[in-house]
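Step one of this worksheet: look at the structure below.
Just so it is clear, none of the values below were taken in a lab; they were calculated from the coordinates. These numbers come from a predicted model, not from an experiment. All Cβ positions, glycine included, derive from the backbone under ideal geometry; neighbour counts span all protein chains shown.
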Amino acid sequence: MAKKLTKLALRLRSMTIFRDMLDDPVIGALMRCLERLGGGVERFTPAYSEFVSRLYRAGYVSLAEYVRDRVFDSDNVYIRLMGAGTLPDKVLLDSTALDLDTLSLIAGLDSGKLLEEAGCNLSLAKFEGKKLNLTNEYAQRARDIEKFGYGVYARHRMFHWERGKVVPVRTPDPVRLSELIDYQREKGLILDNTRALLKGRPAANILLTGDAGTGKSSTVKAVVNELWQEGLRILEIRKEQLHEIPGILDELNMNPLKFILFIDDLSFQKNDDNFSALKAMLEGSVSAKARNVVIYATSNRRHLVKETAADREGDDIHRGDAMQEAASLSERFGLRVTFQRPTKETYLNIVRELANRDGLSIDDDTLCAGAERFALQRSSRSARAARQYVDSLIAAEPEK
């Protein structure tokens, strides 16, 4: 058996399609461990402990689960072809199947097998294995590539753009639509448009406007949390990165997933170069079209371009041209959704619902009077103010 496991290490080193996995710290440590099986307990034991330590640090006790996740995360030539709708030729298919067979054998290893074949009777840390058929699992994954994605997009749902690269958000906002009280019509419009994108139907770019704290950004993120398992991802970019949109679209255009390009708190100064970059994207220039990407932007301003006192001066013709240019960008969004500041009644209903969800025991008159005082202190009734008020009540509760 020891000779068989040493041969398995050689098969690992011979992988082609999944060769990127050789650089993985856990798989690399396992490979070194297998290669030292015939070198005596003194050489084997440190390599074994290093491997198990790396597996634990990655958050796993099961080697099988770790291998499966790394296989599904792999950004390789086979899965890229499948994502682009191109069936790989037989040579590539056979090479993929060969690698997956090797990785299935690796997944079946457990600490008992390794320690027994090493002749090691020391009391060492354990790990689990499980019999897997990764060839079949990966084939199913490839067939549903539009839902699962590949590479960094397989495990994460929210991203941002940094230094010309897509970077995953490790701790995404977990907000769900069910947690956002009221604004049913607004949430419905955004949800329906996003579902159209996922189904390959025409979907509009959306501008979400309204007062601060009304839930514009939270709604977009909640929609992603609702639909990401159907193949939706979100990539947030900053205003100063708008000129990079053509490069971003080149990155996303051939991806089988659907993307929201998200721009939060958007506004421009007059003669801002980024204004023209976004305008070109919304007009659908040849370099900017992408079948699987929509832009969702939020703004506290309806016209996006800040107007100064100087802009209001001058003759009617020039002032009219300036106002028309300022309005032109917002008009290029196919759908505009306005989040109005809640009325007093709606604000208090939000407070009541949040307090009820968080299990606060406080009579309605006291709750509402405090909510009104809180809003007056901030000169604002909003969903955000309601959340902050209820959080302040929770923080002030005596410990049980």
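Only residues of segment 225-239 count here: report those whose backbone N is under 13 Å from the spot 7 Å along Cα→Cβ of residue 167, or say none.
Label zone hits: 236-238.
Give the angle, between 0 and 90 degrees and rounded to the nearest 10, that separates the Cα long axis of helix 316-331 from the longest principal axis of the Cα atoms of the chain.
30 degrees
Which FRET efficiency value, to the nearest 0.05, do you get for residue 376 and residue 135 by plugging their Cβ-Cβ distance into 1/(1 + (r/R0)^6) with R0 = 60 Å? Intermediate values should be presented prior to the final figure.
Numbers: r = 65 Å, r/R0 = 1.08.
Taking R0 as 60 Å, the efficiency between residue 376 and residue 135 is 0.40.
For segment 344-396, would you read off the P(r) tail past 16 Å as a percentage of all alpha carbon pairs? Intermediate values should be presented prior to the final figure.
On the way: 346 of 1378 pairs.
More than 16 Å apart: 25 percent of the Cα pairs in segment 344-396.
Compute the helix-to-body angle for 2-13: its Cα long axis versus the longest principal axis of the chain, expressed 0 to 90° and rounded to tens.
It is inclined by approximately 40 degrees.
Using r as the Cβ-Cβ distance of residue 345 and residue 155, and R0 as 41 Å, what FRET efficiency do you calculate, to the nearest 0.05? If you can, show how the numbers build up before the last one.
Details: r = 43 Å, r/R0 = 1.05.
Computed FRET efficiency for residue 345 and residue 155 comes out at 0.40.
Here are several values of P(r) over Cα pairs in 10 Å bins from 0, in percent: (i) 4, 18, 21, 19, 17, 12, 6, 2, 0, 0; (ii) 4, 21, 32, 27, 12, 3, 0; (iii) 5, 24, 35, 27, 9, 1. Which one was derived from the coordinates shown?
Only one option fits the structure, namely (i).
Within segment 72-95, which residues have the backbone N less than 12 Å from the label spot 7 Å out from residue 143 along Cα→beta-carbon, could you tell me?
The answer is none, because no backbone nitrogen lies closer than 12 Å to the label point.
Specify the angular offset, from 0 to 90 degrees and rounded to the nearest 10, of the alpha carbon long axis of helix 41-57 from the longest principal axis of the alpha carbons in the chain.
So the inclination is approximately 20 degrees.
Would any residue of segment 109-151 have its amide N under 19 Å from a label point 7 Å out along Cα→Cβ of residue 199? List them or say none.
Hits in segment 109-151 for residue 199 at 19 Å: 146-147.
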